[in-house]
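Notes follow the structure.
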Amino acid sequence: MRKNIVAGNWKMNKTLQEGVALATELKELLAGAKPNCEVVIGTPFIHLSAVSQLVTDSVINVSAQNCADKESGAYTGEVSAAMVKSTGANFVILGHSERREYYLETSEILNAKVALALANGLTPIYCCGEPLSVREKDAQEDFVKKQLDETIFNLSADNFSKLVIAYEPIWAIGTGVTASTEQAQEMLAFIRSLIAEKFGKEVAENTSILYGGSCNAKNAPELFAQPDIDGGLIGGASLKSVDFKAIIDAF
Ligand code: 13P
């Protein structure tokens, strides 16, 4: 059975002290009844070790927001999948549109990152999603299919079944414009149908697919009630513990 997941992506926000304070608050808020979903927080690299230690005895999982496309060596400024894993983190967000757009991450680079993440026991949260210009032409399905065909659809079924997918339409990220519930459900059902074609119905039914883009406590209940939406990848609203907890409580 696939899991419901609420994952935060802090992006480039919070100093180490602020991040530890946020994780501490969230841990306290989640100390009561066990949530009805898996909870993940995606912190900057420098927070991973401290936050992982802080949440070891809680329901919170820790994720990096990126990892290198090389195993190790002379790559100044890079952080490898093995290093991420060694902090105690067990997820890594890969292929976020901000990485693709601002840091020119191609499908080839992403294939290397996904392979290294999997080889090091990290669960990739693999992002896909179209820009506004593509949505305006109603070409979003072809666009997302190409993103998947060029990357994670090349994995073996065994490896594919280890990852989580997040659909994040670029026009909905940080804009306050959420995809409508229908638009989100339609795309996630489409992605699931592609997985079924490629890897079979069982793998498709067991893959967690998240929606991301201006998801908040108000719209989460309706989004998460859709048959193909298994949770959310949350940017802005993951930066306040109370707001993030309210989204978790939508399950
Ligand atoms: P917002 O929730 O701020 O729109 O960001 C979504 C996102 O990009 C999560 O990865």
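Regarding Leu210, is this residue touching a Phe, Trp or Tyr at 6+ places or on another chain (Cβ under 8 Å) and within 12 Å of the ligand (Cβ to nearest atom)? Answer is yes for this residue. When each of Ile234, Ile170, Ile165 is tested for being within 19 Å of Ser97 (Cα to Cα) and away from the ligand (no atom under 12 Å from the Cβ), the lone residue that passes is Ile165.
If you filter segment 200-224 down to residues that are among the hydrophobic types (A, V, I, L, M, F, W, C) and within 23 Å of Glu130 (Cα to Cα), you find that the one that is surrounded by the most Cβ atoms within 10 Å (Cβ to Cβ) is Cys215.
Could you please find all residues in segment 1-18 being over 13 Å from Cys37 (Cβ atoms), surrounded by fewer than 13 Cβ atoms within 10 Å (Cβ to Cβ) and more than 16 Å from the ligand (Cβ to nearest atom)? Step through it out loud before you land on a result.
Looking only at segment 1-18, we keep the residues that are over 13 Å from Cys37 (Cβ atoms), and these are 9-18.
Subsequent filtering for residues that are surrounded by fewer than 13 Cβ atoms within 10 Å (Cβ to Cβ) retains 12, 15, 17.
Across segment 1-18, the qualifying residues are Thr15, Gln17.
Tyr103 fulfils the conditions (1) without any contact (Cβ under 8 Å) to a residue 24 or more places away in the chain; (2) away from the ligand (no atom under 15 Å from the Cβ) except for a single criterion, (2). Val242 meets each of the listed conditions (1) within 16 Å of the ligand (Cβ to nearest atom); (2) buried (at least 20 other Cβ atoms within 10 Å of the Cβ) apart from (2).
For segment 129-145, a residue qualifies if it is within 16 Å of the ligand (Cβ to nearest atom) and either assigned to a helix (DSSP H, G or I) or among the acidic types (Asp, Glu) (or both), and the qualifying residues are Glu130, Leu132, Arg135, Val144. Pairing residues of segment 74-96 that are in contact (Cβ under 8 Å) with a residue 60 or more places away in the chain with residues that are crowded, with 17+ Cβ neighbours inside 10 Å and in a loop (DSSP other than H, G, I, E, B), at Cβ distances under 6 Å and at least 6 apart in sequence or on separate chains, gives Ile93/Gln65.
Could you tell me whether segment 48-62 includes any residue that is closer than 30 Å to Leu29 by Cβ, within 16 Å of the ligand (Cβ to nearest atom) and of a type outside the set (A, V, I, L, M)? Even if it seems obvious, please write down each step before you answer.
Here is the first cut: in segment 48-62, the residues closer than 30 Å to Leu29 by Cβ are 48-62.
When the remaining residues are screened for being within 16 Å of the ligand (Cβ to nearest atom), the result is 61-62.
Among the residues that remain, those that are also of a type outside the set (A, V, I, L, M) are: 61.
Yes, segment 48-62 has at least one match.
Would you pick out the residues in segment 116-128 that are of a type in the set (Gly, Ala, Ser) and either in contact with an Asp or Glu (Cβ under 9 Å, 6 or more places away or on another chain) or within 16 Å of the ligand (Cβ to nearest atom) (or both)? If the condition is that a residue be of a type in the set (Gly, Ala, Ser) and either in contact with an Asp or Glu (Cβ under 9 Å, 6 or more places away or on another chain) or within 16 Å of the ligand (Cβ to nearest atom) (or both), then Ala119 is the only one that fits.
Each reported figure results from applying straightforward, stated rules to the coordinates on display, with no laboratory input. Just so you know, these numbers come straight off a predicted model, no measurement behind them. For neighbour counting, all protein chains shown are included, and Cβ atoms are generated from backbone atoms with ideal geometry for every residue, glycine included.
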